[in-house]
Amino acid sequence: MAEAGVLELYELHYSDLLLLSSTSPVPEEGEERAEKIKKTIMETLGPTGPGLLSITGVPKASILRQRLLPLASKLALLDHDRRKHILKEHNLGSDVPLKNPDRNVSSFAMQLKYAQALESAPGKTNNGARSNSNLESAHLDDNDDEVTDSPEDEFANLSDIFRELGYCMMELGLRVAQICDMAIGGQELERSLLESGTAKGRLIHYHSSLDNLLIKASGRRKGSTKKQAYCEKNQVLLSRSELKQSERCNLVANVNEIGSSGNQGNLWQQWHYDYGIFTVLTAPMFLMPSQLSENTATDQFPVLCDQDCPFPTGHSYLRIFDANANDVLMVKTSSESFIIQVGESADILSRGKLRSTLHCVCRPPNLENISRETFVVFLQPAWSKTFSISDYNVHHSMLGRHSSNGENGLTELDFNEVAREIHKIVPPLSSRLKDGMTFAEFSRETTKQYYGGSGLQSNS
């Protein structure tokens, strides 16, 4: 079995993002450097690149990430009724069945309005679009540095932090769209984003094995006797106590089993394309339980006290299929960065000058008590946006050219096996997109073919 290769993302600094997306001319002495960066961005996001890059140096991003991401785990493990109350209070919904005790993922979503994101910036153009100057800390409060640890207050600012980080990420996506538009010609990407009116933010918790044990035991306990409840509690406590001390935060340990590149059996999220324009992601946070406590006053079920730990083996566990390298690659990025990933709508609207990213999220092997937290903002066209594909090659292959020398980690035999396995669960774009379709129709057809009653991942 071949190990997955590693992709170290191209890093674009926030100051360069501001410079390149500005309508003001670049100073003469910096023109050559600016053109090189623009060229690299388009190569990275285009047909010859992996279709994603990272942005570093975003002001206050680290603080907002540290505040928001741990709340994903806390929300996922709350009693259902209390969680329902908190979500309603903060105008959050969910697009996964939170009553399902066997779920691998818990997700908490909110629609984020461009009008509010743009209004929070210090400067605007006449048509309400974001000005391209002096935006370095549009949404961030310099006096808001301390994180409260009070259990009573842990969700008090949930919606505010959600929006603040979401607006920041919407700005990043808009600015990347502006740079791509300049290279492609026209303003198709930026205009399509602004016309949509909203982006979708999702706070995501990828469950550890211990999370699922707690959730199932908690559900059983509602109808159990005190004796049964006591036994179930202690079973969970025992499973927690069996964790090796060295496992708790020494996550850079010898984990040599990144796994077969095509293995579908140990994934938090199956292989798929995002069908919007850009997906903007925080670098993930990995949590390891450091304490299991019981609130004896209220007789609540034991709760996990998690601690942030380094990326296992230094990777994000976001995995992509790179058709040019003919390889499955594990994405490596810094914890302070954001990832910008190309979706299928950008591929279509750019006539193939940008290339969407086939990806999945995998579990770290041999570290089953780790959970993964992330925050994602999906930037999409308006639902009424019509796609014209008369001059777009809808049949371009996700599988690329075959490799025969194994230089990128896969032999031709390995590659063919991987390609076949992925092809079985990823419906081709040509089967989901027809000329004249609206984005709403494309979205419905894509969801149906992935997850519908007879969808390729309906049982995943």
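The values are calculated or read from the model by the stated rules, or taken from the named source; none is laboratory data. If you're wondering where the values come from, they're calculated on a predicted model, not measured in any experiment. Note that each Cβ is placed from the backbone with ideal geometry, even for glycine, and that neighbours are counted across all protein chains shown. These accessible areas exclude ligands, DNA and RNA; they are computed on the full protein's heavy atoms, side chains included. Shrake-Rupley method; radii C 1.70, N 1.55, O 1.52, S 1.80 Å.
Taken over the range 406-435, residues that are at pLDDT below 80, among the aliphatic types (A, V, I, L, M) and in a helix (DSSP H, G or I) amount to 3.
Condition check ((1) farther than 29 Å from Ile348 by Cα; (2) modelled with pLDDT under 95; (3) among the aliphatic types (A, V, I, L, M); (4) surrounded by fewer than 20 Cβ atoms within 10 Å (Cβ to Cβ)) across all residues:
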position: Glu3; (1), (2), (3), (4): yes, yes, no, yes
position: Val6; (1), (2), (3), (4): no, yes, yes, yes
position: His13; (1), (2), (3), (4): no, no, no, yes
position: Pro25; (1), (2), (3), (4): yes, yes, no, yes
position: Lys38; (1), (2), (3), (4): no, no, no, yes
position: Thr48; (1), (2), (3), (4): no, yes, no, yes
position: Gly51; (1), (2), (3), (4): no, no, no, no
position: Pro59; (1), (2), (3), (4): yes, yes, no, yes
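Evaluating Ser94 against the criteria (1) open to solvent by 20 Å² or more (accessible area, probe 1.4 Å); (2) out of contact with any Ser or Thr (no Cβ under 8 Å at 6 or more places or on another chain); (3) at pLDDT below 95 leaves one unmet condition, (2). No other residue among Thr374, Thr447, Thr438, Thr386 is surrounded by 21 or more Cβ atoms within 10 Å (Cβ to Cβ), at pLDDT 90 or above and out of contact with any His (no Cβ under 8 Å at 6 or more places or on another chain) apart from Thr374.
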